[in-house]
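To start, the structure itself, in structure tokens.
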Amino acid sequence: MVVRYLMKVEMDNTPSTPGKFKMEKGSYFHRPRWHTSLAKLTFWSFVFLGLMFIFFFRTPSIPSPSSLPTDHSRRSLRTYNNFGAAWEKRVRSSARIRSPNGVSVLVTGAAGFVGTHVSAALKRRGDGVLGLDNFNDYYDPSLKRARQALLERTGVFIVEGDINDVDLLKKLFEIVAFTHVMHLAAQAGVRYAMENPGSYVHSNIAGFVNLLEVCKSMNPQPAIVWASSSSVYGLNTKVPFSERDRTDQPASLYAATKKAGEEIAHTYNHIYGLSLTGLRFFTVYGPWGRPDMAYFFFTRDILKGKSIPIFEAANHGTVARDFTYIDDIVRGCLGALDTAEKSTGSGGKKTGPAQLRVFNLGNTSPVPVSELVSILERLLKVKAERNIMKLPRNGDVQFTHANISYAQSEFGYKPKTDLQNGLKKFVQWYINYYSDGKKADQ
């Protein structure tokens with residue numbers, strides 16, 4: 001007890017700056033002699049305090065990169081234990097081209113909504129397809145696993161890994177000489193950026209740069225088609241949105257990272273000769289969709305009898321979206337890929353000008369969100385409990401509307417599915433997928 005008391009006194013009196021400790025007058029050395037054993041205890045107490053002082057206040061050494069803690073959101077070849085001959089065989093088999101004019105495509109974000117549909121479409125027409133996905137938990141991972149199982153049945157193998165893992169990407173390109181990359185991996189969602197901004201920088205900026213770094217060093221370099229977003233139009237008021245319009249007023253961090261991606265793409269095209277095509281998706285919906293999208297959770301909550309938020313802009317302004325059905329988006333993705341020219345670099349060195357494009361992929365028919373709810377009510381045969389709310393200042397914009405003339409002229413892009421028929425297909429899928437009751441709370 002005496003030792004603890006003395007330790008406490010000295011700790012309370014220890015200055016916060018190392019190296020400036022000075023014994024004050026009146027310390028125990030100037031007090032009358034105590035019992036010898038007590039003096040020894042006191043002496044060793046100071047020794048102990050000195051060691052603690054050195055331990056806690058010493059200047060830390062800078063760790064080497066190899067000693068830094070591992071980011072568990074990534075997987076590396078050093079820790080992933082499923083690599084081997086059998087794994088490489090699956091990679092090669094999945095990426096094997098099976099049609100005379102086919103291409104080999106690495107699809108990132110293959111277990112995502114758009115990634116699943118694009119991978120399946122490429123495989124159906126005989127292209128070699130290998131998927132890559134990290135199966136993060138931004139939304140229910142079981143839905144991603146179900147999409148994975150769907151693709152497995154079509155012959156598409158999804159490698160579980162992160163686009164920030166350089167060793168993994170190099171290994172995949174070592175096994176397969178991909179002619180194209182369909183880069184769909186990204187941290188999606190406008191509102192989530194306010195909760196976890198780092199995830200957007202990690203995936204949408206760092207991950208994209210990492211992928212481009214690997215692709216630029218390949219010989220030959222692949223052509224790259226990647227997902228941008230209609231969100232880059234931000235606070236624009238001119239409609240419909242054209243690729244020539246300004247995109248320097250992002251309304252959310254998500255939009256800012258997608259805009260950054262477009263500038264990064266320009267840089268890698270200019271310096272390294274990478275062929276890059278960006279696709280600005282407009283509110284994609286359909287079967288196997290994302291649960292964080294309004295049409296998806298509106299359906300869930302209407303069936304559960306919960307109220308749903310209907311946003312309106314200032315002065316009761318209408319909030320509308322250019323809802324685009326997934327099959328139309330897939331046709332746009334394949335059209336962009338099929339018209340992508342070869343990259344002109346070799347081993348990281350540019351040998352000539354390379355193709356650089358950005359396309360809008362939308363439906364060209366904005367629909368008020370209130371009308372979306374009315375369609376769902378008719379399809380579900382349930383009256384929705386609507387909760388009218390002001391549009392929050394969290395990154396949402398009042399409207400989106402795509403001008404698709406550029407995509408039409410370049411590869412014949414023409415959407416075929418209106419919102420009524422598209423939602424009908426989604427509702428059929430939703431009821432079938434969740435009919436067993438096991439996923440009803442998802």
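In this structure, does V103 turn out to be in contact with a His (Cβ under 8 Å, 6 or more places away or on another chain) and β-branched (V, I, T)? Yes, satisfied. The numbered conditions (1) in contact with a strand residue (DSSP E or B) (Cβ under 6 Å, 6 or more places away or on another chain); (2) at pLDDT below 95; (3) not small (G, A, S) are all true for Q148 except (2).
Strands (runs of 3 or more DSSP E) fully within region 271-373 that include at least 2 residues being of a type in the set (V, I, T): 307-312. Would you point out which residue out of I158, I97, I163 is in a loop (DSSP other than H, G, I, E, B), of a type in the set (A, V, I, L, M), on the phi < 0 side of the Ramachandran plot and crowded, with 20+ Cβ neighbours inside 10 Å? It is I163. Just one of the listed residues (S104, S119) is under 19 Å from D328 (Cα atoms) and among the polar types (S, T, N, Q), and it is S119. T417 - would you say it is at positive phi and not in a helix (DSSP H, G or I)? So T417 fails the test.
Just one of A186, A177, A110 is open to solvent by 40 Å² or more (accessible area, probe 1.4 Å), in a loop (DSSP other than H, G, I, E, B), touching a Gly at 6+ places or on another chain (Cβ under 9 Å) and closer than 23 Å to E213 by Cα; which is it? Quick ask: steps written out before the conclusion?
Working: A177 fails: touching a Gly at 6+ places or on another chain (Cβ under 9 Å); A110 fails: open to solvent by 40 Å² or more (accessible area, probe 1.4 Å).
Result: A186 is the single residue among A186, A177, A110 that is open to solvent by 40 Å² or more (accessible area, probe 1.4 Å), in a loop (DSSP other than H, G, I, E, B), touching a Gly at 6+ places or on another chain (Cβ under 9 Å) and closer than 23 Å to E213 by Cα.
Condition test on P250, is it at pLDDT below 95, assigned to a loop (DSSP other than H, G, I, E, B) and within 18 Å of the chain's Cα centre (by Cα)? Against the criterion (at pLDDT below 95, assigned to a loop (DSSP other than H, G, I, E, B) and within 18 Å of the chain's Cα centre (by Cα)), P250 qualifies. Of the residues making up region 141-155, just one is under 20 Å from the mean Cα position of the chain (by Cα), open to solvent by 40 Å² or more (accessible area, probe 1.4 Å) and charged (D, E, K, R), namely R145. Scanning region 229-243 for residues that are among the β-branched types (V, I, T) and not in a loop (DSSP other than H, G, I, E, B) returns a single hit, V232.
For V427, state whether it is under 14 Å from I302 (Cα atoms), out of contact with any strand residue (DSSP E or B) (no Cβ under 7 Å at 6 or more places or on another chain), assigned to a helix (DSSP H, G or I) and modelled with pLDDT of 90 or more. Considered against the rule, which asks whether it is under 14 Å from I302 (Cα atoms), out of contact with any strand residue (DSSP E or B) (no Cβ under 7 Å at 6 or more places or on another chain), assigned to a helix (DSSP H, G or I) and modelled with pLDDT of 90 or more, V427 comes out as yes.
The values are calculated or read from the model by the stated rules, or taken from the named source; none is laboratory data. As the structure is a computational prediction, the values presented were derived from the model and not from experiment. Cβ atoms come from the backbone with ideal geometry, glycine included; neighbour counts cover every protein chain shown. Only protein heavy atoms, including side chains, enter the accessible area calculation; ligands, DNA and RNA are left aside. Shrake-Rupley method; radii C 1.70, N 1.55, O 1.52, S 1.80 Å.
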